[in-house]
Structures are given as structure tokens and as C-alpha cells.
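The values are calculated or read from the model by the stated rules, or taken from the named source; none is laboratory data. Since this is a predicted model, take the numbers as computed values, not measurements. Neighbour counts are summed over all protein chains in view; Cβ atoms, including those assigned to glycine, are modelled from backbone coordinates with ideal geometry. Note: areas computed on protein heavy atoms with side chains; ligands, DNA, RNA excluded. Shrake-Rupley method; radii C 1.70, N 1.55, O 1.52, S 1.80 Å.
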Amino acid sequence: SPYADEILIAQLKELALDYRLDGAWVDGECWGAYVDYSPWAVRAYGKTPPRPEDPEYEDYRNFCRQGFFDYVTHYVEQVKAVAPAFEITSNWIFSGYMSDALCVPVDYLSGDYSCSNAPVSGRRHGRFFAARGMTWDLMSWGQHAIPLAWETRNRTTKSANQYKQEAATIVALGGGYQFFNIAYCHGGYIQRWALPIWEETAKFCRERQNCHGAKPWSNIAVMVPNQTSEHRLDRLFQNNTPGMNAFNRWIDALCESGFSPNVFFESELDRTDLS
């Protein structure tokens, strides 16, 4: 659609050139991408697109996946042409949700993970990012949210020990750690009572900053196969599917059994150290 050219790219250029921000973390991308039957997609495909029951449906999903790669590449290149130092990532690109080989020129990898069961979620996702050989970070939710994180205002800021436990799982794998917290009212209100908690968390991370970019040691490996998204035919990439959930349980089982598991992607065997 015209969205990238008419809205997104113009706004990113404004942020980079007029407001001189360092970069952008673009949310709602690969994990929210569905098979596209819009007029623009149908016109680009050149014929009537198949439906899930049709034999060519997987070909059309691949066409839509390529459309996503082209979209991200386009807005990154357009912004970089006028602001080369502006760093851009697309949320969860080339994570465990996306087993494809690196093919989009983002500057770093990042994602925001579960606000509940967070240390386990962080140690899973961190291993996927660490396997890519790029700069990466993970962002935790700084608050618990019950019952569903994105559908409630019933939230509680976490304690310093919780923040530090979550940060440790990321820092130990060579990644950067960040968190966000929700404001409990409107109008730019600052939660002054929480600042000492966040200060303690920052101090904990800064004391371990020399771990950033380190390559994690492992004594066992788990391979991410190329084809991972057949369980959700409406989605383009792997998000909350039985296959992904089973893969995560393997990582959990190995960690709980005293192993240090890393993952590697079948799509990148040619640049993977298999020793």
C-alpha cells in the first residue's frame, strides 16, 4: 500500500533530520503480518491469489513474505539515504519468529518479550538473537499486567530484583537490556517513587556492560528449521504456533537440565560454526 511512502518514511525522515533522534524501533511488523488480499497485493501478484485450500497457497504466502522483506528494506534504505547514522530495527525481525536468512539491512535486532514468566522468555529469545551475529537487545515489560498484558490497565511496577533477574538472562548472552513502564495517569506524569528501582537496575547492568557483544558459550545446540510456520496459515511468520512453543520447551528443558544451549538456523548453515 502507499503507507510506507506517504506516511512512514516521511515521519522517519522528520524524526531523523528535524528532531535529530538516534533511531527508530518500528513495532507491529513481522509478528503481526498476515497473508495479504488487499487490492495492492492482488495487483502486484498479477492474478487471483489462492486461498488456504488451494495447492498454490504456500507460494502465495512466500510472495507475501517477500513483500514484507521488500517493505522493510525500502523504508530503511530511503531513510538511510538522507540520514545514514539513523539506526533502525523492525521489532522481532530475524528472531525465533522468523527463521529466514538475514536479508534486510536493519542496524540491530530487538524485541519486547512476555511481562509474565519473563526470565524464561528472555533466555529463549536471547538465544535466537545471539545466533544471528548482530548487535541485539531485548526489552522487557517493566510491569506485570493481569489478566492479558495488552488488554488491561491493571498493572504493577516490578521490583528491582525482578528487573535484575530479567536483565541477567539477557546480559549473560551478550545482549543489551532495556525495559519500558506504563504511566499510571496521563499528562507526562513522572513516577518518582519508581526512580530508585530503575536506578538500581541501571547500576546492575552498567557493572556488567563489558559483556555486551560477547558470544555465549554452549555445550549443546538446537537447530531452527527453515519451514516453521505451517501451523498458522493466516500468518506469514512464526508467532505463538505449536511448533514455536515446542521449540521453546526444548530450550527450557535443556536449561533446567544444566546444559547451556544455543540455537542455530538451518537457513544460515553456511556461516555457522558447527564444531
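Excluding the site residues themselves, the longest part of the chain lacking any GluC sites (Glu not before Pro) in a DSSP loop with at most 14 other Cβ atoms within 10 Å is 57-150. Could you tell me whether the chain comes out rounded, prolate or oblate from its Cα gyration tensor? Rule is a ≥ b ≥ c as square roots of the eigenvalues, rounded for a/c under 1.5, then prolate if a/b exceeds b/c, otherwise oblate. In terms of gyration-tensor shape, oblate. For region 1-113, the solvent-accessible area with a 1.4 angstrom probe is 51 square angstrom per residue.
Measuring between their Cα centroids, region 14-86 and region 246-275 lie 29 Å from each other. With a threshold of 31 Å on the Cα-Cα distance, the over-threshold entries among LYS164/LYS215; LYS80/LYS164; LYS13/LYS215 are LYS80/LYS164; LYS13/LYS215.
In summary, the lysines within cross-link reach of LYS158, defined as a Cα separation below 25 angstrom excluding same-chain residues under 8 places away, comprise LYS203. Tell me whether region 59-116 comes out rounded, prolate or oblate; compute the Cα gyration tensor, take square roots of the eigenvalues as a ≥ b ≥ c, and use a/c under 1.5 as the rounded threshold. Oblate, because a/c is 1.5 or more while a/b does not exceed b/c.
Highest GNM mean-square fluctuation among ASP107, ASP22, ASP252, for the chain modelled with Cα contacts below 10 Å: ASP22.
Among the protein heavy atoms, those of CYS115 account for about 10 Å² of accessible surface (1.4 Å probe, every chain in place). The stretch between GLN178 and ASP59 holds 39.0 nm of extra length on full extension. This uses 0.36 nm per residue minus the Cα-Cα distance. In a GNM of the chain with a 10 Å cut-off on Cα contacts, which of SER257, SER110, SER159 has the highest mean-square fluctuation? Comparing SER257, SER110, SER159 in a Gaussian network model of the chain, the most mobile one is SER257. Across the chain, C-alpha contacts under 8 Å between residues 6 or more apart give a mean separation that, scaled by the residue count, equals a relative contact order of 19 percent.
Please list ILE197, ILE7 in order of solvent-accessible area, largest first, computed with a 1.4 Å probe with all protein chains present. Intermediate values should be presented prior to the final figure.
Details: ILE197 40, ILE7 80 Å².
From most accessible down to least: ILE7, ILE197.
On the protein heavy atoms, probe 1.4 angstrom, tell me the percent of accessible surface of region 32-76 carried by carbon and sulfur. Walk me through the numbers before you get to the answer.
Details: 1400 of 2540 Å².
That fraction is 55 percent.
In the context of the full set of protein chains, region 191-272 has a per residue accessible area of 63 Å² (1.4 Å probe).
So how do THR135, THR272 rank on accessible area, 1.4 Å probe, biggest first, that is with the largest at the start?
Working: THR135 85, THR272 40 Å².
Ranked list, largest accessible area first: THR135, THR272.
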